[in-house]
Amino acid sequence: MTSGRQRRRVVPDFMAAAKLAVPEQINVERTTLVYVAPEVVSDALDPPGVHLVNLLKEGPLSVYECAAHLGLPYCVVRLLVAGLAASGTLLTRDPPRAEGPDLEILELVLSGLRAL
Amino acid sequence: MASALSESRISVDHIPVKLIIAGPFGVGKTTMVSALSEIKPLNTEEVLTQAGTLVDDLTGVNEKTTTTTAIDFGRLTLPGVVLYLFGAPGQTRFQVLWEELARGALGVLVLADTRRIDDSFAVLDLVENAGIRYAVAVNHFPDSPDYPDEALRQALDLDPRTPLLVCDARDPASARASLIALVEHIKELMVS
């Protein structure tokens, strides 16, 4: 089991997103997929933003995985992602918004699990 | 961080699907998430704010404004979809977290332990309050007493249609079979 919180930080966690303009309406949630927009230069970002961009250079991750890898609370990384997505640094793919499960998705899950 | 970076990544054309594995403390949630996950299970701190509860609730505990917990998290990539598995705590004080976690989730697999079946009541309450579809899987321990299905259903007050399974949370095949039963149940509810 990995826990990202084994050391004490000098800078409080909430500072990670403190300088970002975070939109009022946030759609980002735990399973939102995050990836880096093409040709992004991360030099102008604060350290947490740089870490996040570096983490995502290998490919997309869910917000929750980002939080675990960065060792920051989910609620902070959610804001960080929302802020960086609003500024165009990151792109996101939201999970399906539908109220109930979609039959097509259910079939994909079923056939995928059965094939394992 | 190096191991994290070298772990396989998914492509953005996968549809993210959220599944919750719930149950009381020590029932085997972490074990099951590990058995199913293709990545080493992760966890991060959840900060549960007091938003939504009465301010009065904080009387006498002024210095304590948040409660933290951790959710186990695993990933399973299938063709076209990526399953995100959350091992969620079952205590009623996590109601706020549950409401958020349940939003958009496909369903919940509730793990139960027949040695302390009453520990599952709070979880079932949370799941039912969240209005989310579920199946119950009894995680069988070596010293678990065997009860007839009917007795278990009655003890858990289950709807006759709700699947009641027996599984071994350590065994990936058994854990997958439980998920398949859950998803089949959700599908039946949808098409009926």
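Here, each number is a calculation from the coordinates, and none is a lab measurement. Values in this document were obtained by computation on a predicted structure and should not be read as measured data. Please note: Cβ atoms are built from the backbone with ideal geometry, for glycine as well, and neighbour counts cover all protein chains shown.
Observations, loosely collected:
- Under 16 Å from B:Lys29, Cα to Cα: lysines that are on another chain or at least 8 residues apart: B:Lys18, B:Lys40
- Evaluating 6.51 cos²θ - 1.76 cosθ + 1.60 at θ = phi - 60° for every residue in region B:79-84, the Karplus couplings come out as x, x, 9, 10, 8, 10 Hz, glycine and proline recorded as x.
- Computed Rg/Rh of region A:20-96, alpha carbon atoms with Kirkwood Rh: 0.91
- Förster radius 25 Å - calculated FRET efficiency between A:Arg114 and B:Val191 (Cβ-Cβ, nearest 0.05): 0.90
- Within the protein assembly as shown, DSSP assigns beta bridges of which about 45% are antiparallel (rounded to the nearest 5).
- Here is what passes the span test in chain A: the DSSP H helices with alpha carbon length of 15 Å or more along the helix axis and a Kyte-Doolittle mean of 1.0 or above are A:74-86, A:103-115.
- Nitroxide proxy distance, nm - points 7 Å out along Cα→Cβ at B:Glu38 and B:Arg9: 1.5 nm
- Cα→Cβ-extended label distance, 7 Å offset, between A:Asn54 and B:Asn129, nm: 4.2 nm
- Scoring A:62-73, B:127-138, B:166-177 by mean Cβ neighbours within 10 Å over their residues and listing the highest first yields A:62-73, B:127-138, B:166-177.
- One quarter of the surface of the convex hull around the alpha-carbon atoms of the protein assembly as shown equals 17.4 nm², the direction-averaged projected area.
- Note on A:Glu107/B:Asp146: beta-carbon distance plugged into 1/(1 + (r/R0)^6) with R0 of 45 Å gives a FRET efficiency of 0.80.
- Coupling constants for region B:172-182 follow from the phi torsions by the Karplus curve (6.51 cos²θ - 1.76 cosθ + 1.60, θ = phi - 60°), and in residue order they are x, 5, 5, 5, 5, 4, 5, 5, 4, 4, 5 Hz; glycine and proline get x.
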